[in-house]
Every structure is written in structure tokens, then in C-alpha cells.
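The values are calculated or read from the model by the stated rules, or taken from the named source; none is laboratory data. A quick note: this is a predicted structure, and the numbers were derived from the prediction, not measured. Here the Cβ positions follow ideal geometry from the backbone for every residue, glycine too, while neighbour counts run over all protein chains shown. In case anyone asks, the SASA skips ligands and DNA or RNA and just uses the protein heavy atoms, side chains included. Shrake-Rupley method; radii C 1.70, N 1.55, O 1.52, S 1.80 Å.
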Amino acid sequence: MPEETAPTKTTTRTESGAPSSLLGSLGCGCAALVIVLVLVVQLASGSWGATDLPRVAPKDMAGRALERSQEAYTTMGFQRTISPGVDHLGVSTQNTFSSSFCYDGGLLGLEDKTIDGAYRMSHNWALDHVPASQAVPGLRRLHQHLKDTGWKITSYRDGEKGDWDLFVQRDDGTERMSFTWFPDRQYFTGDATVPCAYDPAWKNGDVGPAGDNQKPPAFGPAQRNQDPPSSTASREQTGAELMDIDNSTEPPAHRRSAP
């Protein structure tokens, strides 16, 4: 009689897990690819934006920087007029323009090369003999004014450890200003920097940043334009002047005598 063997329990491997694992791997790979593509697009757009600059003459951008400085100067309440130039940097008054290069970070943002024909204008000013009675309330007033008008305050020290300064920016940092008061020297400095632009007159072979030869006018508080006299007042004045002329030239025989 043949020997019966008990049936053995076998384990059958199913293939059901393979597709799900494959799909999971593909899903992770696609997600990683999407992230990489998003980063590349962002970097590329940032690089393109760095060179997508307006074409503006340096004198116009210099005027824009000067307007920023003059607004701050007037807000602080300074009344003195500063002549162009600087005699002793860090000691005397200053009223100058400066120009610097603009840079392109490349596709991945890792490069650091200058953009041909592009420049960034700044206006720099300084005032000596500025006591605390002027500097402290003026800087506080300026801080509130810039905050109220949409500037981002990046740093503000209101006498902490003896430091008095204010740094602001807007438009993603393309436009910025800074102000510092040195109480030991009673010396106040300010500068305004405007966004990069292309110089329309730039040519291949030009050396140095465009706009580095700009000279500012005398710098002081903004003056309000006085309204001209009204036309009625002008006519009345003119008429009175004509009557005086007529009376002075009228022969004595024709003048009306007083009763």
C-alpha cells in the first residue's frame, strides 16, 4: 500500500504589490521632478528679471535719488543748504552722486557678473554740527513717515547702545535708503539708492559704471511753490498804476480841484 503523504502548505507569492510599488516610485519621482522644474523656472525668471531693466538716462535716475533724499531731509526739519561736493569725507558736509554696477546671478543664481550698460544711482549727503535736539526727533519723525508711506523698515535703532540709524527699502530691495547720526561727532549722514537701469548712451568698450560723472545741484529742504497773484489782483494793480501815471502826467489845468 503506497504511503500517503500529507499535503504540504505552500505559499504562493502574488504580484499584486509590484504595481503599487512601481506607481509609488513613479509618483515620488514625478513629484521630485516637478519640484526641480519649479526651482529652475524661478531661478530662470529671477535671472531674466535681473537683466530686464528700463532704459533711463543717468541724469533722470540721479534726479529720482535726489528727490528721495530731499523728501527725507525736509521731513527731518533740516533748514541748511548743502553745496555740491565734499571737502573732508566723514567730517564736512557732503552732497554727491555715486554710481555702481548692477549684477546678474546667472540661471542658477550662482554667478556674479556685471550687466553691461546697467548702473545704479545713489545720492549721498551729510550734515555736520547736528545736535541731539535736531537729530533725535528728526530721525523719529522720519521713521514714522517712511513707515506710513509704504517703506519697509529693515533696521531701526533709537539710541540702543548709543546707536542712532534707520534703514529702509521697497520694491524687493531695489530701492533703499539709510540714515545714521553719530552723537559723538554731531554728524548726520543719509543716502538714497534707486533701482538699476540701462544707460541709453552706453557703448561697447565704455569703462566703469554708467552715470559716474553726474553732479548734483545745491541740496536743501524742499520749497513750496508760491501761488502767482490772481488775474483780478494783477488787473487792479495795473489799473492803479495806470491811474497814477495818468494823474502824474495830466496838465494842471485839467485836474479836478478839491471842493
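Filtering the stretch 115-136 to residues that are open to solvent by 10 Å² or more (accessible area, probe 1.4 Å) and either of a type in the set (F, W, Y) or touching a residue at least 24 places away in the same chain (Cβ under 8 Å) (or both) leaves I115, D116, R120, S122, N124, D128, H129, P131, A132, Q134, V136. State which residue pairs qualify: first residue without any contact (Cβ under 8 Å) to a residue 24 or more places away in the chain and inside the stretch 205-223, second residue of a type in the set (V, I, T) and assigned to a loop (DSSP other than H, G, I, E, B) in any location, beta carbons under 7 Å apart, and separation of 6 or more residues or different chains. From the stretch 205-223, no pairs qualify.
In the stretch 137-150, what residues are surrounded by 12 or more Cβ atoms within 10 Å (Cβ to Cβ) and more than 19 Å from F78 (Cβ to Cβ)? Result: K147, single match. Screening the stretch 85-98 for residues that are surrounded by 14 or more Cβ atoms within 10 Å (Cβ to Cβ) and either over 17 Å from Q134 (Cα atoms) or modelled with pLDDT under 95 (or both) and picking the one that is farthest from the chain's Cα centre (by Cα) gives S92. The single residue among T149, T180, T174 that is closer than 20 Å to L89 by Cβ and not aliphatic (A, V, I, L, M) turns out to be T180.
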